[in-house]
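The values are calculated or read from the model by the stated rules, or taken from the named source; none is laboratory data. Since the structure is predicted, the reported quantities are computational estimates derived from the model, not experimental observations. A quick note on method: Cβ atoms are made from the backbone with ideal geometry, for glycine too, and the neighbour counts reach across all protein chains shown.
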């Protein structure tokens with residue numbers, strides 16, 4: 001048995017997807033994680049099943065996490081985006097098998113009403129509460145190790161919102 005400790009760079013990334021969901025006022029859906037102490041908000045995101053298309057995975061993940069998939073894709077990230085999990089958290093997430101996630105992000109327009117959002121609609125809920133916020137606020141609400149990723153997402157998708165409003 002190998003007792004040496006792997007560094008994050010020795011491990012692969014877990015493939016995933018994420019959704020920046022916009023309401024009619026171009027506010028972004030964020031939800032507070034149940035399993036993270038302090039103010040830990042995030043946008044819906046999750047893993048891609050083996051052989052699953054990322055565009056299919058995002059609708060599945062949104063449905064599982066917020067209880068509805070009443071959305072349409074309006075844009076996708078130009079590439080895959082990554083984040084690394086801090087060393088002290090790595091063993092607690094995904095059995096310590098991954099250094100972080102490599103994700104395809106989608107900007108989605110929410111087509112439902114607020115009453116369609118049901119955080120405990122599926123299995124064990126991931127979120128305790130949710131709200132709509134201005135896009136520029138989103139990175140400041142996330143745990144520090146994901147902040148750079150969220151800055152990239154907001155930067156990329158804010159251009160789409162600007163185009164829609166012109």
Take the residues of region 23-58 that are in contact with a helix residue (DSSP H, G or I) (Cβ under 8 Å, 6 or more places away or on another chain) and more than 18 Å from residue 127 (Cβ to Cβ): which is surrounded by the most Cβ atoms within 10 Å (Cβ to Cβ)?
-> 48
Pairs returned, first residue in region 11-32 that is at positive phi, second residue that is surrounded by fewer than 21 Cβ atoms within 10 Å (Cβ to Cβ) and outside any strand (DSSP E or B), beta-carbon separation under 9 angstrom, 6 or more apart or interchain, are 26/134; 26/135; 26/161; 26/164; 26/165
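Looking at region 115-126, is at least one residue surrounded by fewer than 14 Cβ atoms within 10 Å (Cβ to Cβ) and modelled with pLDDT of 95 or more?
Scanning region 115-126 turns up at least one residue that is surrounded by fewer than 14 Cβ atoms within 10 Å (Cβ to Cβ) and modelled with pLDDT of 95 or more.
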Taking region 65-86 and keeping only residues that are touching a helix residue (DSSP H, G or I) at 6+ places or on another chain (Cβ under 9 Å) and over 20 Å from residue 155 (Cα atoms), one is left with 66, 67, 68, 69, 70, 71, 85, 86
Within region 113-127, residues closer than 20 Å to residue 41 by Cβ and either in contact with a helix residue (DSSP H, G or I) (Cβ under 9 Å, 6 or more places away or on another chain) or assigned to a loop (DSSP other than H, G, I, E, B) (or both) come out as 116, 117, 118, 119, 120, 121, 122, 124, 125, 126, 127
Mind listing just one residue for me: the one in region 79-107 that is within 16 Å of the chain's Cα centre (by Cα) and assigned to a loop (DSSP other than H, G, I, E, B) and, of those, modelled with the lowest pLDDT?
-> 93
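Which one of 61, 72 is modelled with pLDDT of 95 or more, surrounded by 14 or more Cβ atoms within 10 Å (Cβ to Cβ) and more than 19 Å from residue 147 (Cα to Cα)?
From the options 61, 72, the qualifying one is 61.
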Residue 145 fails exactly one of the following numbered conditions: (1) surrounded by fewer than 17 Cβ atoms within 10 Å (Cβ to Cβ); (2) modelled with pLDDT of 95 or more. What is the number of that condition?
-> (2)
